[in-house]
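Colleague: One structure coming up, written as structure tokens, with questions to follow.
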Amino acid sequence: MISASAFFFYLFSAILLASAAAVVTSRNPVHAVLFLILAFFNAAGLFLLAGAEFLAMILLIVYVGAVAVLFLFVVMMLDVDFVQLREGVQKYAPVGAAVGAVLFGELWAVVLGWQVSPGADSLQGSPTPANMDNTHALGQVLYTDYVYLFQVSSLILLVAMIGAIVLTHRRREGTRRQNITMQQTRSVRDTLETLQVRMGAGVQELGILRPRPRAEPAEEEPRHEHAAGDH
Amino acid sequence: MHDFFFNTLVGHVLLVMGETLAVLVPVLMLMAYSTYFERKALGAFQLRRGPNRVGPFGLTQPFADAVKLLFKETIIPAGANRLLFLMAPAITFVLACMAWAVIPTFDGGAVADINVGILYLFAISSLGVYGIVVAGWASNSKYAFLGALRSAAQMISYEVSIGFVLVCVILCAGSLNLNDIVRAQKNLWYCVPLFPMFVVFLVSMLAETNRAPFDLPEGESEIVAGFFVEYSSMAFGLFFLGEYTNMLLMSALASILFLGGWQAPFGLSFIPGVVWLLLKICMFMFFYFWVRATFPRYRYDQLMRLGWKVFLPLSLGWVVVTAGFLEVFHMLPGESM
Amino acid sequence: MHLVLANYFPVLVFLAIALGIGGAMVGGSMLVARQMPYAEKVSAYECGFEAFGDARRRFDVRFYLVAILFIIFDLEVAFLFPWAISLGRIGLFGFFSMLAFLGVLTVGFIYEWCKGALEWE
């Protein structure tokens, strides 16, 4: 009888491999992303079995909770034209196959030449401390011993942030924005005008017909703002 | 007997299943009655009686509703993806239930007392987007899709500030274990020193569960019912269950993080911790209903601005302030060790 | 049993039981209620009109931007968690190391703000 942890290890690994295969083979891109999520879950399970609780949770939070949501957004909203894709496959198949073959050959060479260094255990930079959980252990070294790497990661995030904005952000024309400062600083005098109206006098006679003719744009501004802000 | 439950595999599995049911059944009962109390409370706010026909004071109304839903036809739209269409409500419901595994109901009393409990809850709440997005996409209906997108963008926006609020609490407690966080509040509940974060959490919790005044994803007046417009019968029922279970969960989380969970106030510790936790949860549920009865719906651009331009900088700044304060006054947990 | 496994086993049990309850409810409803679908009933809701166009189509790029910014801030939070629990032991150096990290990201945040990427019209 195998132990419970071995049972779960094989269970998670089997589902992980199967769903990874399904990611590449499924025809519907949304299904592929959902299989990818299943694969992430099982990877998190494997992390847990290895005792890396923090990594398992971060895998779920960052990859499943954020990255895969973006993937799902993309595949759901970019309508992928399957017929066009299929045509493309035939055109690019020889090139793709050649690149794949080269990559496979290289990987094969690496696998053949692979051997584990005999002193691998002693090469570990920071061995896991025995008397604390791994979140504490990570916190103790990440911000002090590995401070340069940590700072570099902040720069990477900064580049990602700026890149995303530069690539995707467009200011659209013809939309109205709410300008809170403008709304708050309006005074009654800017918008309201109290008039004494004689009995029987028409609006044209008094010159209070709205909107006023184009000649006075300064008077038009508050009206426009009022319409945008007051919901 | 003790030996059987703690030392054999079968016994252990049975024990855990028993514990699971002991948590889930009360949670589902509480959920059923929170729908009843919501209707009663809304009725009272609007000078009506609320449900009062089925059973004494309408007390069996939730079960009548459940039976009605059960006997309705499950309509699956022709253009829908059948499997994903039925999976979406299940995702919402299962996630809402799974989160309860780590909620401590008394000292040391969580079914799964894991070291990274708060991260687990954060992970589960960030997965909540999937039920909604999958539902919106699988229905193949414009309203559902638009509602799902809005809902997803809203949930992920507010999740960032929830994350920073959690970091503030962890800074004070020095642990990711929910039980330790509750224990650290023995003398002072965190709603006092972290009051601004408490407010940010309360508002983000409304947005995270898509409740009024942030219920734009299901805004009846513009996109009919949002992501579940095509759902009927028990598939709809599961969404409903999931939504209320999530509300209960966020209430429980708020009580654990800021109101001392099972800790008794004023030294009234002869009343068991479970009762206190329940009372605090009910208080937050009432807060939900009260807000729903009081505030009109937000506009979408205002909602996004509140999340990204107000709550995000505020909570991030507060993380730095809290850490600096604790660092300067040497009050950090673990420092004396 | 393996210690971590013993801690997390209840989570699996919760998953199984919740799946069971959910499946039983939907399945039970499909069994006991009469299912009589016809073309009008199973068409997508569109205010009584015939549906026009496919619901799955291109959408505002703004949603992607929100998702990308969310990933970045989520990672920032992920970096904050281990820092928060071990701040007492890594002292002032750890504190300032994190301040520098947050400072760099605040620059990015200010850039976003000024570019108007956080605005929604």
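Every read-out reported here was derived from the displayed coordinates using simple, explicitly stated rules and does not represent laboratory data. A quick note: this is a predicted structure, and the numbers were derived from the prediction, not measured. So basically every Cβ, Gly included, is an ideal-geometry build from the backbone, and we count neighbours across all protein chains shown.
Colleague: What is the distance in Å between the Cα centres of the stretch B:175-203 and the stretch B:84-128?
Modeller: 19 Å
Colleague: Next question, about the same structure. For each of C:Ile71, B:Ile118, A:Ile180, count neighbouring Cβ atoms within 10 Å of the residue's Cβ, then give the residues from fewest to most.
Modeller: A:Ile180, C:Ile71, B:Ile118
Colleague: Still on this model: Could you give each residue of the stretch A:53-70 its phi-based ³J(HN,Hα) in whole Hz, using Karplus coefficients 6.51, -1.76, 1.60 with θ = phi - 60°, and x for Gly or Pro?
Modeller: Each residue's phi maps through the Karplus curve to give 5, 4, 4, 4, 5, 5, 4, 5, 5, 7, 7, 6, x, 10, 5, 5, 5, 4 Hz.
Colleague: Another one. HN-Hα J couplings of the stretch A:149-163 from phi, Karplus 6.51/-1.76/1.60, θ = phi - 60°, integer Hz, Gly and Pro as x?
Modeller: Once θ is set to phi - 60°, the couplings for the stretch A:149-163 become 4, 4, 5, 4, 5, 5, 5, 4, 4, 4, 4, 4, 4, 5, x Hz.
Colleague: Where does the Debye-calculated log10 I(q)/I(0) of the stretch B:73-328 sit at q = 0.15 Å⁻¹, using only Cα point scatterers of equal weight, no solvent?
Modeller: Per q value, in the given order, log10 I(q)/I(0) is -1.06.
Colleague: Quick query: amide H of B:Ile75 versus all other amide H atoms, modeled in the peptide plane; which residues come in under 5 Å with a sequence gap of 5 or more or a different chain?
Modeller: For B:Ile75, the qualifying residues are B:Ser232.
Colleague: Calculate the mean, over all residues of peptide A:141-150, of how many other protein chain Cβ atoms lie within 10 angstrom of the residue's Cβ.
Modeller: For this peptide, the per-residue mean of nearby foreign Cβ atoms is 5.
Colleague: Here is a follow-up. If we count every other residue with Cβ under 15 angstrom of B:Phe286's Cβ, Lys/Arg +1 and Asp/Glu -1, where does the sum land?
Modeller: Taking every Cβ under 15 Å from that of B:Phe286, the sum is +4.
Colleague: If I model the stretch B:1-158 as equal point scatterers sitting on the Cα atoms and use the Debye formula, what is log10 I(q)/I(0) at q = 0.12, 0.14, 0.19 Å⁻¹?
Modeller: So the normalised log intensities work out to -0.82, -1.04, -1.24.
Colleague: Could you tell me how many degrees, from 0 to 90 and to the nearest 10, lie between the Cα long axis of helix B:9-45 and the main elongation axis, the longest principal axis, of the Cα atoms of chain B?
Modeller: Relative to chain B, helix B:9-45 is tipped by roughly 70 degrees.
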